[in-house]
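Notes follow once the structure below has been shown.
The values are calculated or read from the model by the stated rules, or taken from the named source; none is laboratory data. Since the structure is predicted, the reported quantities are computational estimates derived from the model, not experimental observations. Using ideal geometry, Cβ is built from the backbone for each residue, glycine included, and neighbour counts are taken over all protein chains shown.
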Amino acid sequence: MNLLLQPSNVNPNATINITGSKSETNRLLLLQALFPNLKLDNSSNSDDSEVMEKALMNPQSTVQNPQLIDIHHAGTAMRFLTAFFAIQEGKEVVLTGSSRMKERPIKILVEALQQLGAQIEYAENEGFPPIKIKGKKLTQNKVSLPANVSSQYISALLLIAPKLENGLELTLEGEITSVPYIKMTLGLLNEIGVQTSFEGNRIIVSPKLTTQKAQLLTIESDWSSASYCYSIVALSKIGTQITLSSYKKNSLQGDSVLVEIYKDFGVETIFNKDNTITITKVNNYPLSIVNYQLNDCPDIAQTIAVTCFGLGTGCHLTGLHTLKIKETDRLEALKNELSKLGATISVTDDSLRLETSSEMNQNVTIKTYQDHRMAMAFAPLALKTSLIIEDAEVVSKSYPAFWDDLKSIGFQINQL
């Protein structure tokens, strides 16, 4: 499905309800599978979370009847489920995914689980999915892995740690990236009564083997999804505002740094008493270039780069090495598509540099590379020009209601 986005204006005092954080939901779905008395409210309705939930509810797999579980493009599910099934005694599964998923590395996580005693084999290529997992009781409790890898590897180990007989002592070697996502995982473990510590490069998670009392957890809405609204407000005229629910000041999500970053683009955030936020364009800051280190929040890099281009602002974004192994190579994808629009842009393995620009090409077709964030990051440019988004349905991976929400606040969108 290709969509034509025509020059639009945002309705005054627009409101959008965004469902729960995909990151929080997927962590809590796994914890709910380990601790069935957990109840969840405001779960994400994303494809990734649906895939995760379906896989966790799969009771048929046994050593005699190994089950094939296809998680499609869901990288989080691949990492978290690898750890989950490694401790499911008596079960045997083969985890596979899309052709792109088979190119995304899993070796570091597999080797860490093997250090703990897990039985995992590669079904095709060494270091990559699909993988064959034979669940067993893991008695080892010490493991180390590089600190600069995807935080999902680290979180996968932390999430199963309470169910390990002796808990887990995890040593991270080198400089740690994506610390907020690690802290999110530890924060959710703390919420359900698991004791943790994170000092220096060592994380300790105590065992919690007994079932707990029923507990309801309300999931905060997704800050990554909110980023596109921040971009829309930044590219709009002064006075434009959108109210979003439901968010909190003391968020566990690293992408909540949007509140500070978008001040540079004239966007003010007010936290309301009813757990909504109101974001308003309050001024036009004539910044020629901005510099951001995004180690802790790489998922908003695409949004920021496109916002800067739309405003004619240059930017230098660093700490982006994990973007090379996402749904696509996001740095190359950004370079390709922003160049079509007239941008002067260069990328390295972990950075992006966009030059100041005042020109924007019209009627450009944006390729999405099977990446939900490419589609959503470029959509706000419809406030400046008409453009076509290819394979627009890809947004369902994290934000199925995205196009409907944009229409509801004034965007003119037609299917081609």
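Answer yes or no as to whether residue 376 is touching a Phe, Trp or Tyr at 6+ places or on another chain (Cβ under 9 Å), farther than 14 Å from residue 315 by Cβ, in the same structural domain as residue 322 (by TED's automatic domain parsing) and not in a loop (DSSP other than H, G, I, E, B).
So residue 376 fits the description; yes.
Taking the criterion of being in a strand (DSSP E or B) and buried (at least 21 other Cβ atoms within 10 Å of the Cβ), the residues of the range 94-131 that qualify are 95, 131. Listed by position, the strands (runs of 3 or more DSSP E) enclosed by the range 276-364 that each have at least 1 residues that are at pLDDT 90 or above and of a type in the set (Gly, Ala, Ser) are 314-318, 345-347, 351-354.
Do the conditions hold for residue 161, that is, is it under 25 Å from the mean Cα position of the chain (by Cα), assigned to a helix (DSSP H, G or I) and more than 29 Å from residue 318 (Cα to Cα)? Yes. Residue 237 falls short on exactly one of the conditions (1) touching a Cys at 6+ places or on another chain (Cβ under 6 Å); (2) surrounded by fewer than 16 Cβ atoms within 10 Å (Cβ to Cβ), and that condition is (1).
Contact map, the range 394-406: residues that are over 11 Å from residue 73 (Cα atoms) paired with residues that are among the aromatic types (Phe, Trp, Tyr) and surrounded by 18 or more Cβ atoms within 10 Å (Cβ to Cβ), Cβ distance under 6 Å, separation 6+ or inter-chain. Pairs shown: 395/402. Of all residues in the range 334-353, those satisfying the criterion of being within 15 Å of residue 374 (Cα to Cα) and not aliphatic (A, V, I, L, M) are 335, 336, 337, 339, 340.
Scanning the range 23-45 for any residue that is more than 18 Å from residue 184 (Cα to Cα) and within 20 Å of the chain's Cα centre (by Cα) turns up at least one such residue.
Here residue 46 meets each of (1) of a type outside the set (A, V, I, L, M, F, W, C); (2) closer than 22 Å to residue 234 by Cα; (3) at pLDDT below 95 with one exception, condition (2). Listed conditions (1) over 14 Å from residue 309 (Cα atoms); (2) modelled with pLDDT of 95 or more; (3) not in a strand (DSSP E or B) are all met by residue 396, apart from (2). Is it true that residue 53 is surrounded by fewer than 24 Cβ atoms within 10 Å (Cβ to Cβ) and in a loop (DSSP other than H, G, I, E, B)? Judged against the criteria, residue 53 is not a match. Residue under question is residue 379, and the condition is that it be under 22 Å from the mean Cα position of the chain (by Cα) and crowded, with 16+ Cβ neighbours inside 10 Å; does it hold? In short, yes. Would it be correct to say that residue 312 is touching a strand residue (DSSP E or B) at 6+ places or on another chain (Cβ under 9 Å) and surrounded by fewer than 22 Cβ atoms within 10 Å (Cβ to Cβ)? Spelling it out, it is not the case that residue 312 is touching a strand residue (DSSP E or B) at 6+ places or on another chain (Cβ under 9 Å) and surrounded by fewer than 22 Cβ atoms within 10 Å (Cβ to Cβ).
Filtering the range 399-410 to residues that are in contact with a strand residue (DSSP E or B) (Cβ under 8 Å, 6 or more places away or on another chain), in a loop (DSSP other than H, G, I, E, B) and of a type in the set (A, V, I, L, M) leaves only 409.
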